[in-house]
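We did not get these values from a lab; they are worked out from the coordinates using the rules stated. Since this is a predicted model, take the numbers as computed values, not measurements. Heads up, the Cβs are rebuilt from the backbone with ideal geometry, glycines too, and the neighbour counts pull from every protein chain shown.
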Amino acid sequence: RQLLASELPDAQVIVVSNREPYIHNLVDGKVKLLVPASGLVSALEPVTRTCSGTWIAYGGGSADRLTVDDNDRVQVPPDRPSYMLRRVWLSDEELQGYYCGFANDGLWPLCHIAFTRPIFRASDFEMYQAVNQKFADVVVEEARNERPIVLVQDYHFALLPRMIRQRLPDATIITFWHIPWPNSEVFSICPWREKILDGLLGSSIIGFHIQFHCNNFTESVDRFLESRIEREDPSITYRGSTTLVHPYPISIEWPPVGFQNQPKASECRRQIFEKYGLAEDMWLCAGVERLDYTKGILDRFMALDQFFQKNPDWVGRLVFLQIAAPSRGTLAAYQQLHRQCLDYVDEFNRRYGNDRYKPIILLDEYHNQEDICRVYRAADICVVSSLHDGMNLVAKEFVATRDDEQGVLILSTFAGASRELLDALIVNPYDPSAVGEALLRGLNMPAEEQRDRMRRMREVVRSNNVYRWAGSMLLDAARLRKRNEAYEAT
Ligand code: G6P
């Protein structure tokens, strides 16, 4: 807030994302609020609260239409309203083409190395264009002046920056791509690759989590567009304007407000063990994610299988609690993964378990932040073995909840978080024996070593928190605005 006041006075901050931060659902005649399972939302929400911005998103809840005024605007969070949520309504047809189709059947598998083939349909891309245009119209409607700061979020809106630029040439548009960017060879598969790049280069700044994804993006532009690339202060000049390309590693809020006022770790452990019928001397591993094929959930179960074969003395003593929030359930790839997980766990538990002991507990339902916090605090080990991930905030959340300085994090080398959380046990998720070895090492890790590692990781998350993430983008934006003002004055 201070930074905005000093560096960007009078700037209006507008956030645009597909997912809304609070879904209003109608349950038994009452409006119930649900915070979606989305790393994007957990990161952006505290930032938008702090700068009292306007957040434009798709309004998907069953009660949305009942809770908004005529302008489709609502103040959130409901208990301490701090910013305006402007909902954009999408028809089933629009959602199908833009969200399920081009964004999630096309761009999502294109950008993640998970060996799921992207599906590109011309009709989906047309709808994606139309929906991006619809959001551009809403941004223009919400802008109070010619120079708002627009924070465009993620792969749902690759075309939006250019569309906004055409209508608001002086806007500062910061686009953050929350998922990896593939190498130029992979990117070339996309039939509309030039359009995607042209759309994104309407931004003043494009951010990725890590330098590697910035490099991949720059290489893609170099290969497919006529542009000038500056490698020193990395930027791309195209169609007469310049876009900065920078890494901004996303994070979570610190202090982690959502996790405060929760019972101590020992009490969480007692509650979780009682809830799932675990004996006191058992060991608990936890995984927390959306049921998504990029998260490596099946691979981790297979690693556990190998681990039990090699270390049979752990059978009966170790339980893996996997929260797998339902996600994108209308898409075939997600339905198939869900079925595979259910079948795998069923067979696994028959093989290693009995009436009283289920080695894998698969919770394929939504859990709120409090429930998730209890699981983090109760666990001996948290396993984040994604096949590919831009950052992965579960890893940072786990660390943030462990104020007892205990617990071991096993982290995929293919998650952006592995560049920062060097005290995790870093693994290749494709290598079940490496994951098994990390499990054994974690289970045997002395409390002192856990404390040292956890302290260092907590320090990283504390200092590289989400305000720093937003702050560095806004500082770069201020720098750009000043440079442009000086240029205009000459
Ligand atoms: C990833 C994406 C977010 C998205 C989240 C949940 O983290 O980067 O943009 O919100 O997944 O997916 P969903 O499709 O449910 O919004």
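Computed quantities for the displayed model
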{"item": "Whole-number D in µm²/s for the chain (Stokes-Einstein; Kirkwood sum over Cα pairs; 20 °C, 1.002 mPa s)", "result": "91"}
{"item": "Nearest 10 degrees, 0 to 90: helix 265-275 Cα axis against the chain principal axis", "result": "70"}
{"item": "Descending semi-axes in Å of segment 205-253, equivalent ellipsoid built from Cα gyration tensor", "result": "21, 11, 8"}
{"item": "For segment 365-400 and segment 100-134, distance of Cα centres in Å", "result": "27"}
{"item": "Positive dipole terminus of segment 371-490, leading residue within V466, L421, C373 (C-beta point charges)", "result": "V466"}
{"item": "Ranked by how many other beta carbons lie within 10 Å on average, peptides 300-308, 215-223, 76-84, 412-420 from highest", "result": "412-420, 300-308, 215-223, 76-84"}
{"item": "Alpha-carbon Rg/Rh ratio, for segment 353-490, with Rh computed the Kirkwood way", "result": "1.13"}
{"item": "Whole-Å distance, taken between Cα centres, linking segment 73-94 and segment 411-475", "result": "34"}
{"item": "On Cα atoms only, tilt of 297-310 relative to the major axis of the chain in degrees", "result": "30"}
{"item": "For segment 356-395, convex hull volume per residue from C-alpha positions, Å³", "result": "122"}
{"item": "For F125, F102, order by how many other beta-carbon atoms lie within 10 Å, fewest first", "result": "F125, F102"}
{"item": "Relative frequency of Cα-Cα separations exceeding 17 Å in segment 283-364, percent", "result": "43"}
{"item": "Cα centroid of segment 145-206 to Cα centroid of segment 327-360, whole Å", "result": "38"}
{"item": "Cut-off 13 Å, label 7 Å out along Cα→Cβ of R356, residues of segment 258-300 by amide N", "result": "277-282"}
{"item": "Helical contribution to [θ] at 222 nm, DSSP H n ≥ 4, -39,500 (n - 2.57), averaged over the chain, rounded to 500", "result": "-12500 deg cm²/dmol"}
{"item": "Set K134/K396; K30/K264; K275/K295 screened for pairs whose C-alpha atoms are more than 29 Å apart", "result": "K134/K396; K30/K264"}
{"item": "Those residues of segment 403-420 whose amide nitrogen sits under 19 Å from the label point placed on R455, 7 Å along Cα→Cβ", "result": "403-409"}
{"item": "Sorted by Cβ neighbour density within 10 Å, fewest at the top, the residues D403, D313, D105", "result": "D313, D403, D105"}
{"item": "Degrees between helix 332-352 axis and first principal axis of the chain (Cα, 0 to 90, nearest 10)", "result": "10"}
{"item": "Rounded to 5, percent antiparallel among DSSP beta bridges of the chain", "result": "25"}
{"item": "Sorted by Cβ density within 10 Å, fewest first, the residues C341, C285", "result": "C341, C285"}
